[in-house]
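Scroll down for the structure; my scribbles are underneath it.
The values are calculated or read from the model by the stated rules, or taken from the named source; none is laboratory data. Since the structure is predicted, the reported quantities are computational estimates derived from the model, not experimental observations. Quick reminder, even Gly has a Cβ in these numbers, built from the backbone with ideal geometry, and neighbours come from all protein chains shown.
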Amino acid sequence: MHLDDGICFATAEVMIYMNVKIIPQPRRTNEVIHALLLQMRRTKILQGCLKSTLSQDVTDPNVIFYQEEWNSWNEIENHIRSDGFSWILELMELSVNTPQLNFCDVHETRGMEYVRKVRTFKKTT
């Protein structure tokens, strides 16, 4: 990665995020949380996995968010093919609403320099 005028560009690295949202029946929320905590421990040691996080919605604790962060598409595709990922798919089936699963990559991250630049730029109409 390199910085250019306060903008961080990913060059060789591409950060991939996998996001899962599950809303289990209230009686199964703890079960899903414990299963995802175990999944986190197993996944964090895999090559290419940078981190995984688990959280709950502040207003509705039955809404569970699970995220994994990966170095590359190739590494996350290996994970998707694994038995461990099958477990995530099974947990998603416990959702009372259609569960959400998406993957996104980050090509560019901007920080405060970008904010300063935009706020000081005079837009002409």
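Where strands (runs of 3 or more DSSP E) sit wholly within the stretch 1-111, those with at least 1 residues that are surrounded by fewer than 12 Cβ atoms within 10 Å (Cβ to Cβ), hydrophobic (A, V, I, L, M, F, W, C) and modelled with pLDDT under 95 occupy 2-4, 100-106. Among the residues of the stretch 113-121, are any more than 14 Å from the chain's Cα centre (by Cα), surrounded by 10 or more Cβ atoms within 10 Å (Cβ to Cβ) and free of Cβ contacts under 8 Å to residues at least 40 places away in the same chain? Yes; the residues of the stretch 113-121 include at least one that is more than 14 Å from the chain's Cα centre (by Cα), surrounded by 10 or more Cβ atoms within 10 Å (Cβ to Cβ) and free of Cβ contacts under 8 Å to residues at least 40 places away in the same chain. Here is the figure for the stretch 37-93: residues that are among the charged types (D, E, K, R) and closer than 25 Å to Gln25 by Cβ total 7.
Any chance the stretch 62-77 includes a residue that's more than 20 Å from Met15 (Cβ to Cβ) and over 14 Å from the mean Cα position of the chain (by Cα)?
yes
With respect to Ser95, is the statement that it is in contact with a strand residue (DSSP E or B) (Cβ under 6 Å, 6 or more places away or on another chain), without any contact (Cβ under 8 Å) to a residue 40 or more places away in the chain and not β-branched (Val, Ile, Thr) true?
Values: in contact with a strand residue (DSSP E or B) (Cβ under 6 Å, 6 or more places away or on another chain): yes; without any contact (Cβ under 8 Å) to a residue 40 or more places away in the chain: no; not β-branched (Val, Ile, Thr): yes.
Against the criterion (in contact with a strand residue (DSSP E or B) (Cβ under 6 Å, 6 or more places away or on another chain), without any contact (Cβ under 8 Å) to a residue 40 or more places away in the chain and not β-branched (Val, Ile, Thr)), Ser95 does not qualify.
A Cβ distance below 6 Å, combined with a sequence gap of six or more or placement on separate chains, defines the contacts here; from the stretch 78-90, residues that are closer than 17 Å to Arg41 by Cβ and touching a residue at least 24 places away in the same chain (Cβ under 8 Å) reach residues that are assigned to a helix (DSSP H, G or I) and aromatic (Phe, Trp, Tyr) in the pairs His79/Phe85.
Selection over the stretch 21-35 of residues that are farther than 17 Å from Leu101 by Cα and either of a type in the set (Lys, Arg) or in contact with a Gly (Cβ under 6 Å, 6 or more places away or on another chain) (or both) gives a count of 2. When you scan the stretch 31-52, do you find a residue that is of a type in the set (Ser, Thr, Tyr) and out of contact with any Ser or Thr (no Cβ under 9 Å at 6 or more places or on another chain), even just one? Taking every residue of the stretch 31-52 in turn, none turns out to be of a type in the set (Ser, Thr, Tyr) and out of contact with any Ser or Thr (no Cβ under 9 Å at 6 or more places or on another chain).
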